[in-house]
Amino acid sequence: MLGSNHFAALGAVVVTAGAVLAASGAQAQERIPGEYLVKYKNRNFTTMLSLKSTPSMQIADHNAFGNLLKVRINGAQEISTLVSLLKNPNVEYVVPNIKMYAQMHSVQSVDSVAGIAALQEQWANKQVGVEKAWSLAGNKGSKNIKVAVIDTGMDYTHPTLKSNAIAGYDFRDGDADPMDLTSQQNPGHGTHCAGSIGGSGLVDGGIVGASADVSIMPLRFLGADGSGDLNSGIKAIDHAIQNGAHVISASWGAAVPRAQAQPLVDAVQRASNAGVIMVMAAANDGRNNDQTEVFPTNAEFDNTISVAASGPNDEKPSWSNYGKGTVHVASPGLDIMSTLPGNKYGKLSGTSMATPLVSGITAFLKAQDPSLTGAQIRALLQVTGAKANIEVACGCRVDMAAATETVLSRRMFITPAAATLAPGASKNFTATYGKAPFSFSVRDASIGDIDSSGRFTAKAEGETTVTVTDASGARSESLAVRVVQSQSGGGGGGGGGGGGMECPLGDPQLCQAICGVIPDLPWCQ
């Protein structure tokens, strides 16, 4: 989360969430001075002759896939240049370029030597049933499944990772070498995440990931200081989409209003529309994401999974974010043993650590049934999850073995498994692995109606469930379908969308000045 998730210093000291928040302030928005992202409407950039470098504005980067320009504006001409951009009929929006940070809470211990018995300390793998899932499937995944780890990079020479590493890219430095560069701010965050996804288990005394057979695409945009910028994070997402990733693991984010995060929301939507499953960390402020804007994790689309952290007793660590409407599952994220650069291993904590385990499980499930979508895997993890007293959509912690058993037996389950909608909103329910035709029913018709096609329409606030019955008589019931008034964090059913009426420029004085010149802007009303 922006401003509150700088990496803890290396060492054995556990930094508490309260100390981190007190030191840096959770809601601070760190704008990069003079830098803006401009979304243009016309796919053919060559027609935008009005947007070119001038003494007052330099075009610093161009993302044709996302219709985005990064520009640097001279401070003396900032207002007049922004007015010119916002008046351009081919400009959709302008937002400041902002800092992004990894969602790591603390460093429990970092071992400075290789060859420790790290495999014996992987409590998370035991709890979610990794080895049982492998036994059921008769495999440990597939190298045909590509997982893009968008992070601080990865030590692709690590003996536990090198057999699963494929070509990546460094968007921080603009080259093809995504090596994870360490510092006091970064003990090797991306390498640690990669190990939880796809540690090979081939090293004696090493660790193993949930999908020990997989292809890991390291995409670096967070630097050795643990930070990166919005523009580079978006480019990494687009690179993953264009280069065949099936899953994106994103253990980073910023606490920023949706209006300012709009280009990131758009990038998540591009991934979802392309069928790429994006697994995202819920953040580490102990806040309710139904009420607090955190991106990219609050950018909910069909193929997204938002992850909270759990502890060894299926408890929520005090620092983990949560939310029944916006966070989908919980996953082990406390004192997680994994790979670190330089043939090392160590324990880190955070929703950053919970997320790659879910990414690895997702990759493994895709290997068993490549037709599974992100929406189906999200529902599958929810209906098969172990019940936990954690305020997420399913009230559960992921169970890889149970999910694998459902896939292998082709046992019918309902999608979505849990949902939050605003009154009047609709959502389509479907059945996976059932025998058509299907019939649908709703437990409490005062909360909402469902038609013969599975389209549920919310009527009044409350909770109900949806049941699907297939032609053979098999039944599957959803978890809670909640109808609530939309909340500030987007808890009224997700789906991304626009930034509403909030000024996207992130500076009240600047917004006021712009509105004085262009009073008919939507956020000036």
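The values are calculated or read from the model by the stated rules, or taken from the named source; none is laboratory data. Everything numeric here is computed off the predicted structure, so don't read it as measured data. Glycine gets a Cβ as well: all are built from the backbone with ideal geometry, and neighbour counts include every protein chain shown. Accessible surface areas use protein heavy atoms only, side chains included; no ligands, DNA or RNA. Shrake-Rupley method; radii C 1.70, N 1.55, O 1.52, S 1.80 Å.
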Could you identify the single residue in Val203, Val214, Val208 that is β-branched (Val, Ile, Thr) and out of contact with any strand residue (DSSP E or B) (no Cβ under 9 Å at 6 or more places or on another chain)?
Val203
Residue list for region 295-316, filter: open to solvent by 10 Å² or more (accessible area, probe 1.4 Å) and of a type outside the set (S, T, N, Q)
Glu300, Phe301, Asp302, Pro312, Asp314, Glu315, Lys316
Anything in region 143-170 that is surrounded by 24 or more Cβ atoms within 10 Å (Cβ to Cβ) and part of a loop (DSSP other than H, G, I, E, B)? List them, or say none.
Thr152, Gly153, Met154, Asp155, His158, Thr160, Leu161, Gly168
Candidate set: region 460-471, residues that are open to solvent by less than 50 Å² (accessible area, probe 1.4 Å) and in a loop (DSSP other than H, G, I, E, B); chosen: the one nearest to Ala417 (Cα to Cα):
Thr465
Quick check on my filter: what residues within region 337-368 are part of a helix (DSSP H, G or I) and open to solvent by 10 Å² or more (accessible area, probe 1.4 Å)?
Lys366, Ala367, Gln368
Of the residues in region 318-336, those that are hydrophobic (A, V, I, L, M, F, W, C) and part of a strand (DSSP E or B) come to Val329, Ala330, Ile336
Hey, among Gly434, Gly374, which residue is touching a residue at least 12 places away in the same chain (Cβ under 8 Å), open to solvent by 10 Å² or more (accessible area, probe 1.4 Å) and not β-branched (Val, Ile, Thr)?
Gly434
Test each condition in (1) touching a residue at least 12 places away in the same chain (Cβ under 8 Å); (2) more than 30 Å from Asn243 (Cα to Cα) for Asn313 and report the one that comes out false.
(1)
Name the single residue, out of those in region 54-109 being of a type in the set (Ser, Thr, Tyr) and open to solvent by 50 Å² or more (accessible area, probe 1.4 Å), that is nearest to the chain's Cα centre (by Cα).
Ser84
Going through (1) touching a residue at least 60 places away in the same chain (Cβ under 8 Å); (2) surrounded by 24 or more Cβ atoms within 10 Å (Cβ to Cβ); (3) over 12 Å from the mean Cα position of the chain (by Cα) one by one, Leu334 fails only at (1)
Across region 234-254, what is the total count of residues that are closer than 12 Å to Gly275 by Cα and in contact with a Cys (Cβ under 9 Å, 6 or more places away or on another chain)?
0
Of the residues in region 472-487, those that are more than 9 Å from Leu421 (Cβ to Cβ), out of contact with any Lys or Arg (no Cβ under 6 Å at 6 or more places or on another chain) and either in a loop (DSSP other than H, G, I, E, B) or open to solvent by 80 Å² or more (accessible area, probe 1.4 Å) (or both) number 10
List pairs: first residue in region 178-202 and β-branched (Val, Ile, Thr), second residue in a loop (DSSP other than H, G, I, E, B) anywhere in the structure, Cβ distance under 6 angstrom, at least six positions apart or on different chains.
Thr182/Gly188; Thr182/Pro341; Thr191/Met154; Thr191/Asp155; Thr191/Asp180; Thr191/Pro341; Ile197/Gly209
Within region 413-428, how many residues turn out to be crowded, with 24+ Cβ neighbours inside 10 Å and among the basic types (Lys, Arg)?
0
For region 291-308, check the following and say yes or no: at least one residue is in contact with a strand residue (DSSP E or B) (Cβ under 7 Å, 6 or more places away or on another chain) and either free of Cβ contacts under 8 Å to residues at least 24 places away in the same chain or of a type in the set (Gly, Ala, Ser) (or both).
yes
Picking from Ser24, Ser80, Ser4, Ser106, which residue would you name as being modelled with pLDDT of 60 or more and under 25 Å from Asp507 (Cα atoms)?
Ser80
